[in-house]
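The values are calculated or read from the model by the stated rules, or taken from the named source; none is laboratory data. No experiment lies behind these values; they were computed from the predicted model shown. For neighbour counting, all protein chains shown are included, and Cβ atoms are generated from backbone atoms with ideal geometry for every residue, glycine included. Side chains are part of the model used for accessible areas, which takes the heavy atoms of the whole protein and leaves out ligands, DNA and RNA. Shrake-Rupley method; radii C 1.70, N 1.55, O 1.52, S 1.80 Å.
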Amino acid sequence: MVAAAAAAQALSGARRLRLFLSTLKPGVHVPQAEPVAAFSSSVTSAKVAVNGVHLHYLRTGGGEHAVLLLPGMLGSGETDFGPQIENLNKKLFTVVAWDPRGYGHSRPPDRDFPVEFFERDAKDAVDLMKMLKFKKVSLLGWSDGGITALIAAARYPSYINKMVIWGANAYVTDQDEEIYRGIRDVSKWSERTRKPLEALYGFDYLARTCEKWVDGIKQFKHLPDGNICRHLLPLVQCPTLIVHGEKDPLVPSFHADFIHKHVKGSRLKYVHIRGEPVIQNHKTAASAKPAVLVAHSIKWQRHIPCLCSPVSASQPGDAREPNKTCQQKFCSSIPFVFIWNRNL
């Protein structure tokens, strides 16, 4: 079910997030000849001409409910959403994972970051899905993809069905700016973090684009209230679920609280893991047990328990206690799974 999806979405995108912090803080289809190697032949890899560029996407499933997966900074459908692409119910959903312009295989052009780059991504994403003939779509986005999803939902309310986001922020603070500076130099990333993206982009493009991303996101700090999309949040009409790790060291929890407060009718779920920390050697994460992406932790730390039993939390039902006896790779009660099934 979409269970594995939300649970999974944490997976690859979060892997990059966790690994970053481990060391510091009218459309023409151009199908590719072969499916992406990492996935089965049931996954279509193609490009479509949208808004003057050729956008790459992966597509799988034949269900009536269309879901667009939106990757985070430097991400792509392939690097960020492998688990969703593989595990989502193909009968219930048609799943599309896209590469925003300048990322993944949506190159050329090189990625750039004008002040409206999130707005541009939102338009590209919606126009891509319209080009693929979807009448309405749901969105699953993390990090930058979560911001893009919020903007898309606000700008195109009649087109967006439902939405789940995590690791997103609607504005930039001094605290955020300090965190961004910490990931600017990719040569300081661990090799384990850098290599997959270096294989996709090459070191020079990766390094240059990361620096440009930091400069691009920091420019919002100089706008009134550090605004990215805070003015758009009241315009979101679709059912929205916001998921946030209780001790997410990259995106402070006040961002999730703010989005929840200003997106009418939204639900906010905090998640956590009790057990081995998945972040090491970060000044703000010495005791953190981040569950920004719970499923990711379960995949990459095989023995981390799943989350099965409800426990008390700051918001009743938001946190869940690990069940150390469960050995399932994707337990059906993992918060992302649990939440996703009830929102899509």
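Potential lengthening of the chain between residue 181 and residue 208 amounts to 8.3 nm, from the contour at 0.36 nm per residue minus the alpha-carbon distance. In this structure, the residue pairs whose Cα-Cα separation is over 29 Å, taken from 136/261; 90/123; 123/247, are 123/247. Highest average first, the peptides 152-161, 194-203 ordered by how many other beta carbon atoms sit within 10 Å of their residues are 152-161, 194-203.
Taking each of 91/269; 47/133; 130/264 in turn, the alpha-carbon distance tops 22 angstrom for 91/269; 130/264.
Multiplying the residue separation of residue 225 and residue 107 by 0.36 nm and subtracting their alpha-carbon distance yields 39.2 nm. Ignoring aspartates and glutamates fewer than eight residues from residue 218 along the same chain, the ones with Cα atoms less than 20 angstrom from its Cα are 110, 112, 116, 119, 121, 144, 174, 176, 177, 178, 185, 248. The residues of the stretch 208-269 expose, per residue, 44 Å² of accessible area to a 1.4 Å probe.
With r defined as the distance between the Cβ atoms of residue 173 and residue 86 and R0 fixed at 41 Å, what FRET efficiency is calculated, to the nearest 0.05? Result of the calculation: an efficiency of 0.65.
Partner aspartates and glutamates whose Cα lies under 15 Å from the Cα of residue 188, excluding those fewer than 8 positions away in the same chain, are identified as 198, 204, 211.
The gain in end-to-end length when the residue 261 to residue 215 segment is fully stretched comes to 13.7 nm, 0.36 nm per residue minus the alpha carbon separation.
Net charge of the neighbourhood of residue 106, taken over other residues with C-beta under 11 Å away and scored Lys/Arg +1, Asp/Glu -1, is 0.
Computed across the stretch 143-253, the Kirkwood radius stands at 15.5 Å (inverse of mean 1/r, all Cα pairs).
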